[in-house]
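Undergrad: Once you've had a glance at the structure underneath, I'll fire off some questions.
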Amino acid sequence: MPERRSARAALALVTDDFAELPHPARPSRPDGPLAWEGYDASRARAADRTGEDESVVCGTARVEGTEAVLIAFEFGFLGGSLGERTGDRLEAAHTHARAHRLPVVALIATGGSRMQEGMVALSQLQRVARQSALTRAAGLPQLAVVRDPTTGGGWATLGAGADVILALPGAQVGFAGSRVRPADADPAAYTAEAQVAAGAADAVVPEQELRPVLGRWLRLLTAPSGEPAPPPRPLGATAPPATGWEAVLRARSPRRPRAGRYVDAYFTDRAEISGDRCGGTDDGMLCGFGTHAGRTVAYAAQTGTATRPAGYRTAARLIRLADRLGIPVLTLVDTPGAANDAEAERQGAGAAIADLFGAVAAARTPITTLVIGEGGSGGALALAAPGNTWATPDSYFSVIAPELAAAILKRPPQEVESTAGQLRLRPQDLAELGVIRTDGRTTPGTEGRCR
C-alpha cells in the first residue's frame, strides 16, 4: 500500500507557493444536518489530529510555472469524506477558477460521502458535478491526481470526470470502497494500474515525477491557438507511386514510417491520454497533446493496425477536449480499416465510428489530417478532416481495400492489382478527385506530400 500523505504533503509534491482560499461561512448546527450524536466530537478529534477543519484544502499555486486552483483532500479528516462544508469549499474553488480563468487540479484521497450527514452529504455530488460542468463550459481544463484511496462519489465526480486523470502507483481507486465490495471481489481490479488498463485513467505517475508531469499537462492544456496545425513533412518516399498497386504495397511496407516516428519528429514534447472512459484502450490509436513550433497541438494517430472501438472513442474524446480548450488538432490516418471481428461488434464498432465522425464534424477548432499509410474505408475516413486532408507519397486512400473490392465485385484474385488502379487510390489520383489537398504549385507528391 502506498504512503498516505496529508493534504499539505500532497500539495508540497507539486508546488511550493500554495495560497489557501478563504473558507465559505456556513452557520453551525449542533451535530450537523442530521443531529447525529457525537458528530461534532468526531469533527473536533479529526481537526486536532490533522490540523485541518474540513476534508479539503483549496487554494491557488503555480505548478511548474502555470497558475492553477488546487484542491487537496485530507484523508485523515473523517476519511476525506464529502459533506456539506466540503461542497461549499469545492464550489468556491471552481467559482474562483472561472472568475480568474484558471485550470483546476484535484489531488484526491477520499472514501466517499459522509455517513453522519446522510443524503445531505450525498447530494453534494450533484453540486460538485454542476460546478465541474460550469468550469468545463467555460473552456477551462480539469485534472485529477488520484491518491490512495480514491473511492465512492469522489472518484465518480472529481476523479473520473476530469479531463486528464493521473494516478499514484498502487493507489486504491474505484467506485466501490473496500468495505462495501462483494466478499469475493478481486482487489487487483480496484487499483490505479487496473483503472489505466481499463481506460478509466490516463497514466500511473510515481510521486517523484508528479510535479513535472502535472506541469507539462497544465502548460499544454492552457495554451489555446486558433491557427490550424500544419501537416508534417513525409518521412518516407518522396516520389508518387506509378500504379495503384504500387501505392498499396508502399503503404503496407513494414519499412514505411509509422505514427510513432511522425509524432516524435513533429513535437518537441508531448503527453499522452489513454482510454475511452468506457472500459477500453487501443494501442493502435495514439492520442495526446504536444508542442509544435512553440504552440500546443492535439493529435490522434492510427498506428497501422485495424482500429478498435476503444480507439475511435479515445480519438473522439481527444477531439472534443481540444475543441473545448481551443487547441488545433492533427490526425494521422493509417489503418487497413476498422476492426471487424465479433468482439469489435460487441464493443459497439458502428457506434464508436459514428461518434468520431460526429466529433470531427462538430469541431470548431481546426483539424488537419495527414494520411501516412493505409487509408482503409470508413474506418480511416472517420479520422479525416473534411477539406483539410493531405497525403504522403507512400500512402493510399480507398473506399475499401483492393482485395475486398475485387471480392465484392466477384472478380478473381488475379484482378486485384488492376482493381487497385481502377479505384484511383494513389495520392495524385486523390488530389485530382479533390479528396485531398494540393498546393497547386507542383505535381502532387513531388514536394513530399500531396496537400
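Undergrad: Which is surrounded by fewer than 16 Cβ atoms within 10 Å (Cβ to Cβ) and not aromatic (Phe, Trp, Tyr), of Thr238, Thr157, Thr150?
TA: Thr238
Undergrad: Taking region 113-156, which residues are of a type in the set (Val, Ile, Thr) and either in contact with a strand residue (DSSP E or B) (Cβ under 7 Å, 6 or more places away or on another chain) or not assigned by TED's automatic domain parsing to the domain that holds Ala68 (or both)?
TA: Thr135, Val145, Val146, Thr150, Thr151
Undergrad: Being assigned to a loop (DSSP other than H, G, I, E, B) and surrounded by 15 or more Cβ atoms within 10 Å (Cβ to Cβ) is the filter here; which residues of region 178-206 pass it? Steps first, answer last, please.
TA: First, pick out the residues of region 178-206 that are assigned to a loop (DSSP other than H, G, I, E, B): 178-186, 198-202, 205-206.
Result: Arg181, Ala198, Gly199, Ala200, Ala201, Asp202, Val205.
Undergrad: Do you know which residues across region 421-431 are closer than 18 Å to Gly373 by Cβ and either part of a helix (DSSP H, G or I) or without any contact (Cβ under 8 Å) to a residue 40 or more places away in the chain (or both)?
TA: Of everything in region 421-431, those that are closer than 18 Å to Gly373 by Cβ and either part of a helix (DSSP H, G or I) or without any contact (Cβ under 8 Å) to a residue 40 or more places away in the chain (or both) turn out to be Pro427, Gln428, Asp429, Leu430, Ala431.
Undergrad: Continuing with the same structure: On the given criteria, is Thr281 polar (S, T, N, Q), crowded, with 24+ Cβ neighbours inside 10 Å and either free of Cβ contacts under 8 Å to residues at least 60 places away in the same chain or in contact with a helix residue (DSSP H, G or I) (Cβ under 6 Å, 6 or more places away or on another chain) (or both)?
TA: No, not satisfied.
Undergrad: Let me ask you something else. Do we find a residue being of a type outside the set (A, V, I, L, M), within 27 Å of Asp40 (Cα to Cα) and part of a strand (DSSP E or B) anywhere in region 82-105?
TA: no
The values are calculated or read from the model by the stated rules, or taken from the named source; none is laboratory data. Bear in mind that the values here come from a model prediction, so they are computed numbers and not experimental data. Virtual Cβ from ideal backbone geometry, glycine too; neighbours counted across all protein chains shown.
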